[in-house]
1. Could you list all residues from the range 141-181 that are open to solvent by less than 60 Å² (accessible area, probe 1.4 Å) and closer than 30 Å to Thr194 by Cα?
2. Find all pairs meeting these conditions: Cβ atoms under 8 angstrom apart; at least six residues apart or on different chains; first residue within the range 202-225 and farther than 26 Å from Arg124 by Cα and open to solvent by less than 30 Å² (accessible area, probe 1.4 Å); second residue modelled with pLDDT of 85 or more and part of a helix (DSSP H, G or I).
3. From the list Ala185, Ala171, exactly one residue is over 19 Å from the mean Cα position of the chain (by Cα), free of Cβ contacts under 8 Å to residues at least 24 places away in the same chain and under 29 Å from Arg124 (Cα atoms). Which is it?
4. Please go through (1) part of a loop (DSSP other than H, G, I, E, B); (2) aliphatic (A, V, I, L, M); (3) open to solvent by 40 Å² or more (accessible area, probe 1.4 Å) for Ala135 and return the number of the only condition it doesn't satisfy.
5. For the range 1-44, enumerate the residues that are in a helix (DSSP H, G or I) and of a type in the set (Lys, Arg).
6. When you check Cys81 against the structure, is it open to solvent by less than 30 Å² (accessible area, probe 1.4 Å) and more than 20 Å from Leu165 (Cα to Cα), yes or no?
7. Only one of (1) within 27 Å of Gly24 (Cα to Cα); (2) open to solvent by 40 Å² or more (accessible area, probe 1.4 Å) fails for Val119. Which number is that?
8. Give all pairs with beta carbons closer than 8 Å in which a residue from the range 102-129 that is in a helix (DSSP H, G or I) and among the hydrophobic types (A, V, I, L, M, F, W, C) meets a residue that is open to solvent by 70 Å² or more (accessible area, probe 1.4 Å) and at pLDDT below 95; count only pairs at least 6 apart in sequence or on separate chains.
Amino acid sequence: LVGGTGKGKTAFAVQVAEAAACAGAPVLYASAELGTDELLARLVAVRARSDGVAWRDLLRFHEPRDVEALAAAVERLAADCPGLHLWEPMGQDRAGKGLQDAARIVSAAAGGAPILVVVDYLQRFTPPGNDAQRAATSEVSGALRDLCRPDGLGAGWPGAAVVALSSTARANYEHFSDCEHLAAAWEGGEVPATTKGGKQGMKWIPPVELVGMGKETGEIEHDCSLLLC
């Protein structure tokens, strides 16, 4: 899943993880971007959305209007998603092997079942101190491919599904600014633009190759089963 900063990649991934866990799947949400406290606040806010509770307010300990409803949302989350594991890796664990090791633990806790792994986000799972980010991301991509394959981590490994989040280069931000720009990038088309004189007009955007829009992630974008922008 490729997108610009603040465009909802984590919001999407959190809801995918929650839905999969509610359906009974073991889930590992590996976040090198957010702490587990923020992830938990987001999950609870999803459950309490009808009460208008914002996850940022939960994180800042701002008291919601209905504390009992919030407590009920927490209880529902715990009851409905017993197989949801939130992990904030540090140091050397932010690498392909760390993801594989954590996935083994979650699968074993679920009796050896296949699991869903969410990687949030790829660029922060490159080995510390490695400046060759493309090569490092390629290494993580290979680890995730092995993770997905039955017996990929040795005989008896059940396989996994992986959702990997990726940022994009600043030069591509315009393509991801809204659905209109993204559609124009895919097919070519006109989008609103402001002229040098400050007037509103339209400009033509030629089609661009969306595969490769991830930041230094060419390897995984060509290897994945589905690329979402």
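1. Ser166, Ser167, Thr168, Ala169, Asn172, His175, Phe176, Ser177, His181
2. Ile205/His181; Ile205/Ala184; Ile205/Ala185
3. Checking each option against the conditions leaves just Ala171.
4. Looking at each condition in turn, Ala135 falls short on (1).
5. Those that are in a helix (DSSP H, G or I) and of a type in the set (Lys, Arg): Lys9, Arg42.
6. The answer is yes for Cys81.
7. So Val119 meets the others, but not (2).
8. Taking only residues 6 or more apart or on different chains, the pairs are Ala102/Asp93.
The values are calculated or read from the model by the stated rules, or taken from the named source; none is laboratory data. A quick note: this is a predicted structure, and the numbers were derived from the prediction, not measured. Cβ coordinates were reconstructed from backbone atoms using ideal geometry, including for glycine residues, and neighbour counts include every protein chain displayed. Ligands, DNA and RNA are excluded from the accessible area calculation, which covers all protein heavy atoms including side chains. Shrake-Rupley method; radii C 1.70, N 1.55, O 1.52, S 1.80 Å.
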